[in-house]
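Report on one structure; see the data block that follows.
The values are calculated or read from the model by the stated rules, or taken from the named source; none is laboratory data. In this text the structure is predicted, and so the values were computed from the model without any measurement. A quick note on method: Cβ atoms are made from the backbone with ideal geometry, for glycine too, and the neighbour counts reach across all protein chains shown. The protein model used for the area step is the full one, side chains on, heavy atoms only, and it has no ligands, DNA or RNA in it. Shrake-Rupley method; radii C 1.70, N 1.55, O 1.52, S 1.80 Å.
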Amino acid sequence: TNFTLIPNQKLRRSNRQTSCCSKTLGSGFQPISTFGNFKALPLEIFQIILKYLSVKDISMLSMVSKTVSQHIINYISTSSGSKRLLLQDFHNLELPDRRQDSAILEHYRSLGLLFKRCTLLLPTKERLKYIHKILTEVSCFKFNGCAAPMQCLGLTCYGMFLQTLTAGWDELECHRVYNFLCELTNLCRKMQMAVCSKPGSARKLELRIRLFCRNVLLDHWTHRSDSAFWLTRILKPWPMVNQARLLYIIFGPISPQDGQVVWQKMIEEPTDEFSLKGLADAIKLLYDASTKEWTADDVISLVDELSVVPREWLLENNARLLMLSGNNICFTFMASKAVNGRTIELARLIVFLALLCEKELMPACDWTRLTMMQKSAKVFSTPNVRNALAVSIMEMLQHQYMFGDRDEDDRSFLNLFHLVHAQANFHKEVLYLTMNTSLSA
């Protein structure tokens, strides 16, 4: 019995020692999976250590464990943490003007990644509420928060932050983000006021909408599909007329002095490529979007509606927009005119496309435009209608000879010069096409 008791006592002694040892190890090593050796440090010391780490390093540290992440969240919520992380030097003239590699933009890209990792385990709604609670201290992130929005990088940094935060999220979550931003800024109500008012009567509101949509929602995406998604969220809730107005507010020409939208530019005089490039790029973005939300007919209808905002554009500006939008959109637009029997409008458009090719010294595009005209003519059901199109084109050329621009002598002569060359090149291509067709027959 004594022999058997000895091992039992040793076993019990061993159990006591193991228990004591495990208790000691538990106090020192169990938190390795959660807080590690930082547990021995007071929270204040841990936050002091964070001050010596870059935002990228803090972002990496937040992935160590849920406990570490929570302590970092608590640090962000402190006055010292928010002051250090939420830089607000948005008006420093020494910073490069809206360049992607500027220090403050890089800072907010890293900050977006930090918030993305820290809030990873929270539902989308809770993530957005927490982030809004932290960012609400930054007045320049608000829709009307900055008194000098044209000289401020605030909305651009906010957009960089949101782009990094939401990159990789599915469409449902991004829908929630957009709805959250609309509720937060009352964006839909502001858009309604802008599109229902007389163009130019609410210039400051138009400018605010343009800056918010461009800098926060649209300009930071590297993939066109992402940009198309956010532009669709902006436009689709509205009828076609309002979509065209919004598109002009967001991408139309602006004054270089105050950044406000210039509504009369398209109806008063021929404009340059720079003034139309934003609109053309947006149209191409929607046309190329691989979604069911935008059909080719939708985009063509939008272009047609855009050409009368705020009133009917000069045909040369309309032709330039189509040229910048690419051959596919240009041909589809011309075919739409043909299908709907708008022969005279199609003829005028063809003439101004030819004239624009000559003005821009792009004779190579004459053949492309002529091919488009030929394809468009095939849409007509009868030869009589096609002949009527040819007659309308010739009459339009004659009309331009007689009643072209007469405002200034130099410009009038130059337009006549271009028109003569455009007609000569146009007829030359028609003759080549006719002869080739005859020989092939």
Using the Karplus curve 6.51 cos²θ - 1.76 cosθ + 1.60 with θ = phi - 60°, work out ³J(HN,Hα) for each residue of the stretch 300-314 in order, rounded to whole Hz, and write x for Gly and Pro. 5, 5, 5, 5, 4, 5, 5, 6, 10, 9, x, 9, 4, 6, 4
Just reorder 337, 284 by solvent-accessible area, largest first, 1.4 Å probe, all chains present. 284, 337
With every protein chain present, what accessible area does residue 89 have (1.4 Å probe, heavy atoms only), rounded to the nearest 10 Å²? 80 Å²
How large is ³J(HN,Hα), in whole Hz, for each residue of the stretch 212-221 in order, when computed from phi with the Karplus curve 6.51 cos²θ - 1.76 cosθ + 1.60 and θ = phi - 60°, using x for Gly and Pro? 5, 5, 6, 6, 8, 9, 10, 7, 9, 7
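Could you order 136, 332 by accessible surface area, starting with the largest, using a probe radius of 1.4 Å? Walk me through the numbers on the way to the answer.
Values: 136 60, 332 35 Å².
I get 136, 332, largest accessible area first.
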Other-chain or far-sequence residues with amide H under 5 Å of residue 254's (modelled H): 262
With bins 10 Å wide starting at 0, give me the P(r) of the stretch 301-359 over every alpha carbon pair, in whole percents. 23, 62, 15
Peptide ranges 66-77, 152-163 listed from the most packed, as the mean C-beta count within 10 angstrom indicates: 152-163, 66-77
Using the Cα centre as the reference, give the magnitude of the dipole from point charges on the C-beta atoms of the stretch 177-264 (Lys, Arg: +1; Asp, Glu: -1; all else neutral), rounded to the nearest 20 debye. 220 debye
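I want the local charge near residue 287. Using Cβ-Cβ distances under 13 Å, sum +1 for each Lys or Arg and -1 for each Asp or Glu among the other residues. Mind showing how you got there, number by number?
Details: positive: 224, 284; negative: 281, 288, 293, 297, 298.
Residues close to residue 287 contribute a combined charge of -3.
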Could you give the alpha-carbon Rg of the stretch 139-293 over 2.2 N^0.38 Å, rounded to two decimals? 1.01
What number comes out for the charge environment of residue 275, summing +1 per Lys or Arg and -1 per Asp or Glu over other residues with Cβ under 10 Å away? +1
Report the Cα centroid-to-centroid distance between the stretch 63-91 and the stretch 264-283 in angstrom, as an integer. 44 Å
